[in-house]
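The values are calculated or read from the model by the stated rules, or taken from the named source; none is laboratory data. Worth saying up front: this structure is predicted, and the values here are computed from it rather than measured. A quick note on method: Cβ atoms are made from the backbone with ideal geometry, for glycine too, and the neighbour counts reach across all protein chains shown.
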Amino acid sequence: MARIGVVGAGAWGTTLADVLARKGHDVSLWALEPEVVRRINADHENAIYLAGFPLDERVVATGSLAEAVQDAEFVVSVAPAQHVGAVMGDAAGALRPDTLVVSASKGIEKTSLETMAGVLRRVLPAGMRTAFISGPSFSREVAARRPTAVTVASASPEAALAAQELFQTPYLRVYTTDDVPGVELAGALKNVIALAAGMSSGLGLGHNALAALITRGLAEIARLGIKLGAHPLTFAGLAGMGDLILTCTGALSRNRSVGEALGQGRRLEEILAGMNTVAEGVDTTRAAYQLARREQIEMPIVDEVHAVLFDGRHPRVAVENLMLREPKPERWR
């Protein structure tokens with residue numbers, strides 16, 4: 001069995017740590033908060049971020065980042081996307097040269113406009129193997145061992161297969177792909193569309209509007225992704241359409257919940273202040289907005305979500321702006 005370090009003890013990091021421990025691996029789980037470390041080790045439960053799910057006793061929490069990753073054959077990076085650079089940069093010096101780093105964070109760094117692949121390439125030692133796991137996977141459902149399917153992407157076939165074998169269980173099915181940019185961009189940008197879907201729900205606009213947002217949102221994601229080197233079919237897969245549908249419709253979606261509260265008239269600052277978890281879509285909206293302009297890609301839903309979040313536009317006005325755009329073909333030979 002392998003020694004594994006999991007960096008980040010939010011709901012998803014804790015869930016993945018438990019998945020791996022139940023396969024017999026020794027798992028060291030790094031948490032920023034001393035109280036999370038204490039309660040996991042004392043009670044075998046992350047009562048702050050994953051309450052109600054007993055953890056395998058092979059999950060040992062630590063507040064020392066170096067201790068979590070040293071001598072680990074695999075390191076799972078699950079810090080919030082905007083903090084991955086700093087956290088994994090600090091961890092880099094303690095990594096073995098042959099460690100496989102698997103990123104499970106979804107987002108785009110708002111300062112550099114890089115996905116996690118770019119961030120890790122910048123902060124990890126040159127040549128270190130990386131893989132990126134994404135797909136429709138609410139942490140509480142995986143923790144409850146409900147059937148889930150995800151995708152792991154890597155430029156290295158050997159790394160992708162190693163990550164697939166690491167995470168595959170009877171309830172977590174793992175597919176592989178070489179399309180790192182497609183998997184990462186789909187996983188990040190779907191959170192922006194989920195904010196829009198939540199606003200639609202909060203405004204009471206019905207199922208037709210939601211279906212339109214999901215479909216046209218996928219078109220925007222694919223346009224930008226293809227411009228940045230992704231394969232078009234990735235957006236019809238688990239990391240694309242699969243994760244988009246889940247995040248836009250599921251009650252456990254943090255980003256959808258934020259959008260719904262906005263649609264009901266609450267202020268963004270008030271909503272975020274009441275959360276103990278991160279809604280990645282807010283920062284990803286900033287990054288997506290800038291990426292679209294840099295790459296000269298039309299992304300009207302992203303534009304309207306950005307205006308609601310940061311310019312004070314009312315969600316109903318954003319919907320009207322989308323509906324009143326100049327009519328266009330969906331496809332024309």
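Checking the stated criteria, residue 86 turns out not to satisfy the condition of being more than 22 Å from the chain's Cα centre (by Cα), in a helix (DSSP H, G or I), in the same structural domain as residue 9 (by TED's automatic domain parsing) and of a type in the set (A, V, I, L, M, F, W, C).
A single member of 133, 108 is buried (at least 24 other Cβ atoms within 10 Å of the Cβ), within 17 Å of residue 161 (Cα to Cα) and among the aliphatic types (A, V, I, L, M), and it is 133.
Does residue 301 satisfy the criteria of being in the same structural domain as residue 263 (by TED's automatic domain parsing) and not in a helix (DSSP H, G or I)? Here the answer is no, as residue 301 does not meet what is asked. Does the stretch 264-278 contain at least one residue that is in a helix (DSSP H, G or I), crowded, with 21+ Cβ neighbours inside 10 Å and of a type outside the set (Val, Ile, Thr)? No: zero hits. Annotation note: of 234, 284, 247, the sole residue that is in the same structural domain as residue 214 (by TED's automatic domain parsing), closer than 30 Å to residue 175 by Cα, in a helix (DSSP H, G or I) and touching a Ser or Thr at 6+ places or on another chain (Cβ under 6 Å) is 247. Any residue that is under 21 Å from residue 18 (Cα atoms) and either assigned by TED's automatic domain parsing to the domain that holds residue 286 or modelled with pLDDT of 95 or more (or both) - is there at least one of those in the stretch 116-128? Looking for residues that are under 21 Å from residue 18 (Cα atoms) and either assigned by TED's automatic domain parsing to the domain that holds residue 286 or modelled with pLDDT of 95 or more (or both), one finds none in the stretch 116-128, hence no. Entry remark, the stretch 93-143: residues being farther than 18 Å from residue 158 by Cα, touching a residue at least 24 places away in the same chain (Cβ under 8 Å), among the β-branched types (Val, Ile, Thr) and assigned to a loop (DSSP other than H, G, I, E, B) number 0 in total. Among the residues making up the stretch 26-53, those that are assigned to a loop (DSSP other than H, G, I, E, B), farther than 19 Å from residue 148 by Cβ and either out of contact with any helix residue (DSSP H, G or I) (no Cβ under 6 Å at 6 or more places or on another chain) or of a type in the set (Lys, Arg) (or both) are 32, 33, 44, 45, 51. Take the stretch 274-313 and flag every residue that is free of Cβ contacts under 8 Å to residues at least 40 places away in the same chain and closer than 22 Å to residue 253 by Cα. Passing the criteria: 274, 275, 289, 303, 306, 307, 310. For the stretch 170-191, the set of residues classified as assigned to a helix (DSSP H, G or I) and of a type outside the set (S, T, N, Q) consists of 180, 181, 182, 183, 184, 185, 186, 187, 188, 189, 190, listed by residue number.
Give me the residue from the stretch 250-263 that is among the aliphatic types (A, V, I, L, M) and in a loop (DSSP other than H, G, I, E, B) and, out of that set, surrounded by the most Cβ atoms within 10 Å (Cβ to Cβ). Top of the filtered list is 252.
Of the residues making up the stretch 18-60, those that are small (Gly, Ala, Ser) and more than 21 Å from residue 84 (Cβ to Cβ) are 21, 24, 42, 47, 51, 52. Within the stretch 112-129, is even one residue buried (at least 23 other Cβ atoms within 10 Å of the Cβ), more than 23 Å from residue 176 (Cβ to Cβ) and small (Gly, Ala, Ser)? No, the conditions are met nowhere in the stretch 112-129.
Out of curiosity, is residue 194 more than 17 Å from the chain's Cα centre (by Cα) and either assigned to a helix (DSSP H, G or I) or at pLDDT 95 or above (or both)? Taking the combined requirement at face value, the residue does not satisfy it.
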